[in-house]
Amino acid sequence: MKCLVIIPLLFTAFPLWAQGMKPSAFSFESKEAWLWLMLIIALMLLIAAVMLKEKVSALTSNYKKHKTEAYKEKLKEYTQQLNSKQIEQLLQHRNKKSFRNAGNILLIFFASLFIFLPGSLIAQTPEKPDASSLLGEGGIIITIILILIPILAGLILLTIKISNAINRQRNKMRLEEAAKLAEYLETLPDEEINDVLKKRKEALDYSLTHNELSGSEPAEDSRGLLNISQEPGMPIVAIKKKALPRPNIDPALSRLVLWYLGCAAFWLLFGTTIGEYLGIKFVAPDADHVSWLSFGRLRPVHTNSVFWGWASLGMLGLGNYIVPRVSNVKMYSIKLGWYALFFINAAVIIGSVCLMAGINNGGGEYREYIWPVMLLFGIGLALSLINYIKTIAVRTTKEIYISNWYMVSAIIFTIVISLTAYIPSWQNGLGETIVQGYYMHQGVGMWFMLFTLGIVYYFLPQQLNKPIYSYSLGILAFWTQILFYTLIGTHHFVFSAIPWWLQTVAIVGSGGMAIPVIAGTTNFLMTFKGAWYKIKDSYTLPFFLVGIIFYFTGSMQGTAEAFRSTNLIWHFTDFTVAHSHLTMYGIISFFLWACIYAVVPRLTGKEAPQITVGAHFWMALIGLLFYTVPLMYGSTLKGLLWLNGKPFMDGVKLMEPYWLWRAIGGTLMWLSHVFFAYNMYKMIKRTNEVDVKSSAIQQLEKDSSFISPAKSY
Amino acid sequence: MEFFNNHKKLFGTATLMFVGLTLMVAILPAIHNQENNQQLPGAEKLSADAVKGKALFVANGCVACHTQQVRNVDMDKSWGSRPSLAADYAGIKRTDFWRNTATLMGTERTGPDLTDVGNRQPSKDWNLVHLFNPRIVVKESVMPAYSWLFTIKKEPSKNDVVVNVPAEYLKGKEGKVVATKDALYLIAYLQSRKQTKLPDGTAQPEFLYKREVKKEAAGGAAAEDAGANGQALFVANCQSCHQENGEGLPGAFPPLKGSPVVLGDDLELYVNIIMNGYDARQEYGVMPAVGTNMSFSENEVSAIINYERSSWGNNGKHVTPEEVKKIMDFVKLNAPK
């Protein structure tokens, strides 16, 4: 809902800035910014208030129903609504009781619950700083923000508390209702049981034999192949297949995996919030004048938190699930997994604070964390490696499934890469540049790409429910990836002072990358072959498909960028930024989302609402295209302009509208992550909503188990 | 196969292969370059202030947008007089116990290259104003404003470096903008960024991918300036201070529109200012020796003069390269060493 309101606002606000073709004068120190902020806060409060009101009115109407005579009818209604299994259980219970002649009275315990009385919940924030010149003062602004933070946090907390209280109250009422229902069912005269319920059961159990035309074998959906909508009416979103439950996963491992994925989702939201703000700074460079938030300091915070926080934790979390699965044994040590999670989170938290405080390693991209911080990350990697290898060592399968090839190698290589990048013995003068080229590209290709491919080799066949097209093609891709990818680092420094031969090796290696990329893409697409129809009723497969498409286009674009002739146009421009988003986002993030949506429902038994999964998918995809396509087009023009020897500022002026598009696309991407975070919450949160019918049956069963502890059925 | 089913052999082989390739393309070339390159004989050591400035440059992530490498391609010619060489970076060593070497070559050029910015933009006043808020002097700039490197004082003392900032950028605050030590360190580092001259007799490496110079048969004034484009030269060398509209910035850089120097008869003064800089007026910043730094030819100087004399409503006398040549030979004697 919120996004629907915000998007048109953005669209109306941005073009105004574009027309001037110069940076916007937007600043958080201006009055408009505060008005906007107030507007957003007011909007959020309004939404919260409306939500609470809905809940309260639902509750009160329910409560009223309780009081009326019609309530008797309700109980009858429930009785009518009992499904076949519940009737069966009820009948069994009744039979047993009459058999034993034990006229027990139900023992039902109600937990007494503290109830928050929803007092003045629709109160607005009292903060409305008057628009005096005082507002321009930094100290005042900080004070206002400091006041606003606890107030807003308090309001959010209050909303949650009230909402919880309402839920509890509702559940309490339902429990009462359940008790009454149980009592009612208990007291029903036998004739009624026989007449009404048994008939009802028969009616419920009745089904067409479906052999009227086809013969005597009943057609039943014993394999769960039919996919029938539970919702009456027109479906708003296409109905997709539900995830299949996997009951045999160690709850401890399940908890660990969920924590990894939850942390990853947090870092995604954090890192892209920073990224979104950086994108806005290209359009409004005077948005703030705070040293900790200046562009140069925040940029590495963005890249490092999405790299080491989001993607790395996401991958390792999924790896923790896959390695024991494909080795057919338990995880070597859950504890090691927790330690690794702790160290990596610590690295990203400390690293981000350091970067914002101006403490960084010296300017090499993705190597901005100083060594003590990166050491924490390295420890996390080493612990994960031990855990994976030890699990694989005791596997009960003969072969090592290809996923493990990719994932374990990725961790080993990344440890090698980090050591190469942080050991000071070869970092003086141009040595630093050569290592930097190697490091920044191996980090991307040997860590994120290699590991993610391993994950896809597990989850894609699983989601398509068929084996991978060619195991050997996967093996070819594995070895050629090592051979070619290792060479290509220095293509980031073509035409620089590093040796010409090394540049040439990098360019040749970039050409060679066509082999693993084409092998991998072919393998994935051929696995899809014959199962394309599955895309339309799955919500994970579209993510996989986008990932595969970008795996091919993004990687081949990288090859194209490496040649000397294209370097002339694209090097140093935003083309590189577009490319890195096509790959890190289009490939890695889409694959990770696909796998997360595949695995989390299996662990928790809960799925995200389809409509928000759809919103996540489409906003991420459209946002990515809005982000990258204009940026690639604009930076090509800019490169040509440089080639023609035009003044530098002409290029900056040229980029203005494309930077605006980048900010718009970035906003969509960011919103999609809000949806993703919400989906994660929906999939993971423990619901305690009481289902009246099943809880009544449960209570009855509990009673009968008191009566006959020995008997089991 | 047994090999693929033994995790030690499989991962051991993959690791060996990766480490071997890493040695070949990264570690050994890095060591080789570290051992076999030396600084040019004329290279100057960073001053103590510049060292502190470099630390600030690193801390604030300036390398995210500013490269420090002149590539050996023709399009990079505007950033330096020669392509950068391994020797230019050879003197850069590990920063300290916590931080790695910072060659600061960069991979993005959202802002201009800084390899030779000490020569290209030597004016301290311009740099300070620009640092306070780049949009004061370059209105389309998207560079962050580093106003936190400045303080505002009601009555600055004698030793304070006062920066002339237009009132609208002070957000209603009263007083004078004073550069902090950090701002001065950062400027010191920027001004130290000058390409070292190659030792005499060394052949200059070539710029590749030369642009084909279009020889347009144009008559009139353009032909007289022998191909030099006055407007392009002005944009590249003069506009950042004197501004596109020729009005300069009150309190910082003088206007050329209606300027007595531009429109007057004293051509010698005019050429002298272009070639050797100017610091005769208290109310304005110091002008660096732009012409000498950029090794302007008489064609280029006369093109600039003619552009300035015929723009923004100016209507001055046209000059020829010959006239300018005579004066240039004369004023060369005043050139700063």
Output for the stretch A:240-285, where each listed residue is outside any helix (DSSP H, G or I) and basic (Lys, Arg)
A:Lys240, A:Lys241, A:Lys242, A:Arg246
Which residues, counting only those in the stretch A:366-377, are surrounded by fewer than 21 Cβ atoms within 10 Å (Cβ to Cβ) and assigned to a loop (DSSP other than H, G, I, E, B)?
A:Tyr366
Looking at this structure, is A:Asp286 at pLDDT below 95 and either of a type in the set (A, V, I, L, M) or surrounded by 18 or more Cβ atoms within 10 Å (Cβ to Cβ) (or both)?
yes
With respect to B:Val25, determine if the residue is in contact with a Leu (Cβ under 6 Å, 6 or more places away or on another chain), hydrophobic (A, V, I, L, M, F, W, C) and without any contact (Cβ under 8 Å) to a residue 24 or more places away in the chain.
yes
Across the stretch A:494-526, what is the number of residues that are more than 14 Å from chain B (Cβ to nearest Cβ) and either surrounded by fewer than 18 Cβ atoms within 10 Å (Cβ to Cβ) or free of Cβ contacts under 8 Å to residues at least 12 places away in the same chain (or both)?
7
Report yes if some residue within the stretch B:42-63 is surrounded by fewer than 21 Cβ atoms within 10 Å (Cβ to Cβ), in contact (Cβ under 8 Å) with a residue 24 or more places away in the chain, outside any helix (DSSP H, G or I) and within 9 Å of another protein chain (Cβ to nearest Cβ); otherwise report no.
no
Within the stretch A:275-320, which residues are within 25 Å of A:Ile379 (Cβ to Cβ) and either at the interface with chain B (Cβ under 9 Å from one of its Cβ atoms) or free of Cβ contacts under 8 Å to residues at least 40 places away in the same chain (or both)?
A:Pro300, A:His302
Could you list, in sequence order, all residues of the stretch A:243-257 that are at pLDDT 85 or above, in contact with a Gly (Cβ under 6 Å, 6 or more places away or on another chain) and within 19 Å of A:Glu607 (Cβ to Cβ)?
A:Val257
Among the candidates A:Ile549, A:Ile535, A:Ile569, single out the residue that is surrounded by fewer than 22 Cβ atoms within 10 Å (Cβ to Cβ), within 14 Å of chain B (Cβ to nearest Cβ) and assigned to a helix (DSSP H, G or I).
A:Ile569
In the set A:Leu460, A:Leu487, A:Leu453, A:Leu483, the lone residue that is under 16 Å from A:Glu561 (Cβ atoms) and touching a residue at least 12 places away in the same chain (Cβ under 8 Å) is A:Leu487
Filter the stretch A:187-238 for residues that are among the hydroxyl-bearing types (Ser, Thr, Tyr) and modelled with pLDDT under 70; the one that is nearest to A:Lys76 (Cα to Cα) is A:Ser229
Leading residue by the ranking (surrounded by the most Cβ atoms within 10 Å (Cβ to Cβ)) among those in the stretch B:107-134 that are within 22 Å of A:Glu365 (Cβ to Cβ) and either within 10 Å of chain A (Cβ to nearest Cβ) or small (Gly, Ala, Ser) (or both):
B:Asp113
Looking only at residues in the stretch B:90-134 that are among the small types (Gly, Ala, Ser) and under 12 Å from the mean Cα position of the chain (by Cα), which one is farthest from B:Arg193 (Cα to Cα)?
B:Gly111
Restricting attention to the stretch A:662-676, does a residue exist that is away from chain B (no Cβ under 14 Å), polar (S, T, N, Q) and under 27 Å from A:Met556 (Cβ atoms)?
yes
Residues satisfying the stated conditions in the stretch B:70-99, i.e. in a loop (DSSP other than H, G, I, E, B), touching a Phe, Trp or Tyr at 6+ places or on another chain (Cβ under 8 Å) and facing another protein chain (nearest Cβ under 7 Å):
B:Arg71, B:Asn72, B:Trp98
Quick check on B:Ile27: is it facing chain A (nearest Cβ under 7 Å) and part of a helix (DSSP H, G or I)?
yes
Which condition number in (1) on the phi < 0 side of the Ramachandran plot; (2) within 7 Å of chain A (Cβ to nearest Cβ); (3) crowded, with 23+ Cβ neighbours inside 10 Å is the one that B:Leu104 fails?
(1)
Six or more apart or on different chains, Cβ atoms under 6 Å: show the pairs whose first residue is in the stretch B:175-197 and under 10 Å from B:Phe150 (Cα atoms) and whose second is assigned to a loop (DSSP other than H, G, I, E, B) and among the aliphatic types (A, V, I, L, M).
B:Val177/B:Val165; B:Ala179/B:Val161
Consider the stretch B:30-41. How many of its residues are surrounded by 14 or more Cβ atoms within 10 Å (Cβ to Cβ) and either assigned to a helix (DSSP H, G or I) or within 12 Å of chain A (Cβ to nearest Cβ) (or both)?
7
Quick check: anything in the stretch A:460-476 outside the structural domain of A:Leu316 (by TED's automatic domain parsing) and under 30 Å from A:Val577 (Cβ atoms)?
yes
Of all the helices (runs of 4 or more DSSP H) wholly in the stretch A:429-493, which have at least 2 residues that are surrounded by fewer than 24 Cβ atoms within 10 Å (Cβ to Cβ) and within 11 Å of chain B (Cβ to nearest Cβ)?
A:430-442, A:471-485
Members of the stretch B:147-195 that are within 25 Å of B:Glu247 (Cβ to Cβ) and within 12 Å of another protein chain (Cβ to nearest Cβ):
B:Ser147, B:Phe150, B:Glu168, B:Tyr169, B:Leu170, B:Lys171, B:Gly172, B:Lys173
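The values are calculated or read from the model by the stated rules, or taken from the named source; none is laboratory data. Worth saying up front: this structure is predicted, and the values here are computed from it rather than measured. Note that we place each Cβ from the backbone using ideal geometry, even for glycine, and neighbour counts take in every protein chain shown.
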